[in-house]
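Here the structure is laid out as structure tokens; the discussion comes afterwards.
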Amino acid sequence: MTTALATQVAFKEKTPEGHFGDLPDTSSTILQARIKDLQLHLKGTRLERFIGQLYEELEARGISLRPQCYLSDQWGCPSGVPVIGIPFYLADPQLTQIEERLGGGAEDEREIMMYLRHEAGHAINYAYRLHESEEWKKLFGDFGKPYLETYKPQPFSRKYVLHISGWYAQKHPDEDFAETFAVWLTPQSRWAERYKGWGALKKLQYMNETMGALGRTPAIVTLDERDVDVGEMEETVLDHYRQRQLAEKIDLQIGEQLDEDLINLFEPPSLVDVRADTLIRAERQGLIAAVAQYSGVSRAVVVSVLDHLTERTTALNLTMKRDQAHHYTTRLTSLVTALTMNYLYTDRFFETE
């Protein structure tokens, strides 16, 4: 089992020219390069500074463990191994730009630190085999529970901390621990005050006591086995994204069945009003983030749905009244949320019969 934060991508089948046309000219060379040949590394990059910050936070908490970090295909710790994999595209500005375009958005500085703290939680759990203790099992559950990529969270449950969007702590007991550790580690999180009255507070108190007891204790597990090291990635950058597409692409098969909904949501074609797809593209990142965070639905599903609706809105040449932008955005958010929630709980977007 690999405890990896899912990287999200959902782009359509298009020709390379049509799909990458809005990328910088220099990106075409990088797309055709083998990832291992790019000679990516952590030293001298902004990631080195973030890792240093993580180590400082661990030191401030009296924790001696310094999980080894390496560039990989995605965020994650190999199960049982206290090392941290970081997505390779964060080590190079041009690759980060490609991820922004093809992957639905790259992590900003705040998110990078959130993920580093999360993965450090996994590393600590594995390094000291905390998941084997009865107290851990009582608080977090069975570490051996099947690890499902699709999970159905309970929105606003107070049994879990809130850290990564989509109530990620509810995904698996191992993720629950990692999220709790991340909240506990975050400077000035005021977790005791913030989670007062929550069931999650017991987990945070356990974390505080357990980490204090571990202190400078040497790790039990010191393995350095890696899932996918950037130096071993034979595929080209382009093939990497194609592989991600095959792994995560949602076959919407919606076709034109939602056209009537879009026609009712926006305005008919007009030479006076603003094109509706202009609004959707402007609000795209905010819509994706909001729906994924508050529905618990995979970002990949949300991106796929929104991209499909954007294409249909463009094809229908729908428009909007400029002074009612907020009204359209609210209704569109509701439509995307309804579709993705249907998919989450019924494995389909709507009844076809």
(message) Exactly one of these conditions fails for E109: (1) closer than 30 Å to A282 by Cβ; (2) among the acidic types (D, E); (3) crowded, with 18+ Cβ neighbours inside 10 Å. Give me its number.
(response) (3)
(request) Would you mind finding the one in T278, T186 that is at pLDDT below 95 and among the hydroxyl-bearing types (S, T, Y)? (result) T278
(message) Give me the helices (runs of 4 or more DSSP H) completely within region 259-353, filtered to those with at least 1 residues that are within 30 Å of D108 (Cβ to Cβ), touching a residue at least 12 places away in the same chain (Cβ under 8 Å) and of a type in the set (S, T, Y), ordered by residue number.
(response) 276-295, 299-315, 325-346
(message) Are there helices (runs of 4 or more DSSP H) fully within region 164-230 with at least 1 residues that are touching a residue at least 60 places away in the same chain (Cβ under 8 Å) and assigned by TED's automatic domain parsing to the domain that holds E134? List them.
(response) 173-185, 200-214
(request) Please find, among T180, T210, T236, the residue that is modelled with pLDDT under 95 and surrounded by 12 or more Cβ atoms within 10 Å (Cβ to Cβ). (result) T236
(message) Name the single residue that is farthest from I86 (Cα to Cα) among those in region 119-147 being without any contact (Cβ under 8 Å) to a residue 24 or more places away in the chain and not basic (K, R).
(response) E134
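Give Y126, Y147 a once-over and let me know the one that is outside any loop (DSSP other than H, G, I, E, B) and either surrounded by fewer than 16 Cβ atoms within 10 Å (Cβ to Cβ) or hydroxyl-bearing (S, T, Y) (or both).
Selected residue: Y126, the only one of Y126, Y147 that is outside any loop (DSSP other than H, G, I, E, B) and either surrounded by fewer than 16 Cβ atoms within 10 Å (Cβ to Cβ) or hydroxyl-bearing (S, T, Y) (or both).
Could you say whether any residue in region 292-309 is within 25 Å of E100 (Cα to Cα), over 16 Å from the mean Cα position of the chain (by Cα) and surrounded by fewer than 22 Cβ atoms within 10 Å (Cβ to Cβ)? It would help to see each step written out before you state the result.
Narrowing region 292-309 to residues within 25 Å of E100 (Cα to Cα): 292-309.
Right, trim to over 16 Å from the mean Cα position of the chain (by Cα) and you get 305-309.
Within this subset, residues satisfying the condition of being surrounded by fewer than 22 Cβ atoms within 10 Å (Cβ to Cβ) are 307-308.
Yes, region 292-309 has at least one match.
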(message) If I ask for residues that are buried (at least 21 other Cβ atoms within 10 Å of the Cβ) and at pLDDT 95 or above, which ones from region 150-168 would you list?
(response) Y160, V161, H163
(request) Determine which member of the set L5, L40, L71 is modelled with pLDDT of 50 or more, among the hydrophobic types (A, V, I, L, M, F, W, C) and not in a strand (DSSP E or B). (result) L40
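The values are calculated or read from the model by the stated rules, or taken from the named source; none is laboratory data. Fair warning: this is a prediction, and the values are worked out from it, not measured in the lab. Cβ coordinates were reconstructed from backbone atoms using ideal geometry, including for glycine residues, and neighbour counts include every protein chain displayed.
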